[in-house]
Amino acid sequence: MPLLLLLFIGLPLTELYVLIQVGAKIGALSTILLSILTAVIGVWLVRHQGFGILIRMRDLLERGAVPAIELLDGALVLVAGLCLILPGFLTDSLGFLLLIPPLRHRLIEHYIQLQSMHLQASGKVWTETRVIEGEFRRDD
């Protein structure tokens, strides 16, 4: 509950404070134009990177691989797009940071490590190999 309260009340208030401070330094019209410019550039970058992720996912699916990393990558690009569409410089900064592929990949690696540690701690990791026998036929 405190995290949601901070997210829905604290973030907009902080964004408002930053917008007012920036507006006092460079002017109201310049602040509005800069906010619109960051949104436009951000949407273009999200679209470009999103299509790249979709192409990689399609290629992996065609090869029969599971695109798990690409799904997480796409989710972070989606969060970046949401941050860039929201007005404000703090969310724009977070959105642009999430559009840096090496940073996104580090976040994904960190998330996977946390999940594997959590699974090991809870004892839910399979230690034996499971073999399911069967027959299949591929019709192209």
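In this structure, is GLY10 surrounded by 12 or more Cβ atoms within 10 Å (Cβ to Cβ), touching a helix residue (DSSP H, G or I) at 6+ places or on another chain (Cβ under 6 Å), part of a helix (DSSP H, G or I) and free of Cβ contacts under 8 Å to residues at least 60 places away in the same chain? Even if it seems obvious, please write down each step before you answer.
On the way: surrounded by 12 or more Cβ atoms within 10 Å (Cβ to Cβ): yes; touching a helix residue (DSSP H, G or I) at 6+ places or on another chain (Cβ under 6 Å): no; part of a helix (DSSP H, G or I): yes; free of Cβ contacts under 8 Å to residues at least 60 places away in the same chain: yes.
Criteria not met by GLY10.
Could you grab me the full set of residues in the range 19-33 that are surrounded by fewer than 17 Cβ atoms within 10 Å (Cβ to Cβ) and either in contact (Cβ under 8 Å) with a residue 12 or more places away in the chain or of a type outside the set (A, V, I, L, M) (or both)?
Correct list: GLN21, GLY23, LYS25, GLY27, SER30.
Quick check on my filter: what residues within the range 60-110 are among the β-branched types (Val, Ile, Thr) and closer than 22 Å to SER30 by Cα? Before you say what the answer is, go through the steps one by one.
So in the range 60-110, the residues among the β-branched types (Val, Ile, Thr) come out as 66, 69, 77, 79, 85, 91, 100, 108.
ILE85, THR91, listed by residue number.
Name the residues in the range 13-28 that are small (Gly, Ala, Ser) and either within 15 Å of PRO87 (Cβ to Cβ) or part of a helix (DSSP H, G or I) (or both), would you?
Initially, the range 13-28 is screened for residues small (Gly, Ala, Ser), giving 23-24, 27-28.
Across the range 13-28, the qualifying residues are GLY23, ALA24, ALA28.
Would you point out the residue of the range 61-92, among those that are surrounded by 15 or more Cβ atoms within 10 Å (Cβ to Cβ) and more than 14 Å from the chain's Cα centre (by Cα), that is nearest to LEU107 (Cα to Cα)?
PRO67
Condition first: among the charged types (D, E, K, R), crowded, with 16+ Cβ neighbours inside 10 Å and not in a loop (DSSP other than H, G, I, E, B). Can you find one or more residues in the range 34-57 that meet it?
In the first step, residues of the range 34-57 are kept if they are among the charged types (D, E, K, R); the result is 47, 56.
Applying the additional criterion that residues be crowded, with 16+ Cβ neighbours inside 10 Å yields none.
So far as the range 34-57 goes, no, none of its residues is among the charged types (D, E, K, R), crowded, with 16+ Cβ neighbours inside 10 Å and not in a loop (DSSP other than H, G, I, E, B).
The numbers here are math on the coordinates, done by the rules we state, and not lab data. Note that the coordinates shown come from a computational prediction; the quantities given were computed from them, not determined experimentally. Cβ coordinates were reconstructed from backbone atoms using ideal geometry, including for glycine residues, and neighbour counts include every protein chain displayed.
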